[in-house]
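Dropping a structure here in structure tokens format, bear with me for questions.
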Amino acid sequence: MSALLVVVALSDLFAVYVGVRLHTLLDAEEGSVLAWQQEVDEAYSLYGTAGQLQGYTYLASGIAFIVWFYGMRRYAGVLGPDRFRSGPSWAIGSWFIPLINFWMPYRIAVDMWGASTRLPADGEPHKVAFWPVNLWWGLFVTATLFQWYAGLRYRNAEDIAEIQDAVLQVMVADILEVAAAAAAVCFAVRLTAIQRVKAAEGPYVSA
């Protein structure tokens, strides 16, 4: 799953590279093309190919991530069954319900993190550091919303100035998605690690 997220990040970086090339071929101020029309057409074509590549990698990584997310939810339910407010099936279903998918997967991730964290020796609950979950989800939602907005601007652009501005915004969205993919890898690796430690060493930290 982490390997697919790396592939997603690479596809985003490729899209940024192609976007920079297209951006430099357009002159927003003069409203004219700075290169031969054939070169501009090739840049547009390559930009479209980069977008298709992103779509394929997003789909593959999205399926793999949701399958992994469901598996981790089931395992976390064994480690800390009292930490959850919903059943394991919501680890899949929550991603496909409009509006709810901007909140509930995050709540499930928080519950998984808490269930996978070991307690102090006295058994009293303590404050858990959720920053990997918060970082991943914050970047994921931000990148998703900004990518939707930038893509809409690009599709509706009518002149060279608007296209150049939209391409710049799409590049920013792609960079945000690279950061979100990196944060997702961090979240996945750390969650897997703390689950393994709790399973191997027990629910309580040695005094």
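The values are calculated or read from the model by the stated rules, or taken from the named source; none is laboratory data. What you are looking at is a predicted structure, and each value in this text was computed from that prediction instead of being measured. Glycine gets a Cβ as well: all are built from the backbone with ideal geometry, and neighbour counts include every protein chain shown.
Only one of Arg73, Arg85 is part of a helix (DSSP H, G or I) and among the charged types (D, E, K, R). Can you tell me which?
Checking each option against the conditions leaves just Arg73.
Return yes or no: is Asp41 exposed (fewer than 14 other Cβ atoms within 10 Å of the Cβ) and under 30 Å from Ile108 (Cα atoms)?
No, not satisfied.
Further question: So, in the range 106-130, of the ones that are at pLDDT 90 or above and either β-branched (Val, Ile, Thr) or surrounded by fewer than 14 Cβ atoms within 10 Å (Cβ to Cβ) (or both), which residue ends up nearest to Val67 (Cα to Cα)?
It comes out as Ile108.
So the check is Cβ under 9 Å with 6+ separation or different chains; which pairs have a first residue in the range 36-59 that's more than 17 Å from Val167 (Cα to Cα) and a second one that's part of a helix (DSSP H, G or I) and of a type in the set (Val, Ile, Thr)?
Note: pairs meeting the criteria are Thr57/Val7; Thr57/Val8; Tyr58/Val8.
Does Leu145 count as loosely packed, with under 14 Cβ neighbours inside 10 Å, under 30 Å from Phe14 (Cα atoms) and among the aliphatic types (A, V, I, L, M)?
yes
Right, another one. Quick check on my filter: what residues within the range 190-207 are in a helix (DSSP H, G or I), surrounded by 13 or more Cβ atoms within 10 Å (Cβ to Cβ), at pLDDT below 90 and not small (Gly, Ala, Ser)?
Going residue by residue through the range 190-207, those that are in a helix (DSSP H, G or I) are 190-201.
Checking which are surrounded by 13 or more Cβ atoms within 10 Å (Cβ to Cβ) leaves us with 190-192, 194-195, 197-199.
This time we only want the ones that are at pLDDT below 90, so: 197-199.
The answer is Val197, Lys198.
Going by what's in this entry, would Trp137 be described as more than 30 Å from Leu26 (Cα to Cα), without any contact (Cβ under 8 Å) to a residue 60 or more places away in the chain, part of a helix (DSSP H, G or I) and touching a Pro at 6+ places or on another chain (Cβ under 9 Å)?
On the way: more than 30 Å from Leu26 (Cα to Cα): yes; without any contact (Cβ under 8 Å) to a residue 60 or more places away in the chain: yes; part of a helix (DSSP H, G or I): yes; touching a Pro at 6+ places or on another chain (Cβ under 9 Å): yes.
Spelling it out, Trp137 is indeed more than 30 Å from Leu26 (Cα to Cα), without any contact (Cβ under 8 Å) to a residue 60 or more places away in the chain, part of a helix (DSSP H, G or I) and touching a Pro at 6+ places or on another chain (Cβ under 9 Å).
Could I ask something else about it? Please work out which one of (1) more than 22 Å from Ser11 (Cβ to Cβ); (2) part of a helix (DSSP H, G or I); (3) acidic (Asp, Glu) is the condition Glu158 fails and give its number.
Here Glu158 clears every test but (2).
If you take the residues in the range 80-98 that are modelled with pLDDT of 95 or more and of a type in the set (Phe, Trp, Tyr), which one is farthest from Phe140 (Cα to Cα)?
Going through the qualifying residues, I end up with Trp90.
Which condition from (1) over 30 Å from Arg118 (Cα atoms); (2) more than 11 Å from the chain's Cα centre (by Cα) is the one that Ala193 breaks?
The number of the failed condition is (1).
Sticking with this one: Quick one: Val78 ticks every box in (1) out of contact with any Phe, Trp or Tyr (no Cβ under 9 Å at 6 or more places or on another chain); (2) surrounded by 12 or more Cβ atoms within 10 Å (Cβ to Cβ) except a single one, so which number is it?
If we test Val78 against (1) out of contact with any Phe, Trp or Tyr (no Cβ under 9 Å at 6 or more places or on another chain); (2) surrounded by 12 or more Cβ atoms within 10 Å (Cβ to Cβ), just (2) comes out false.
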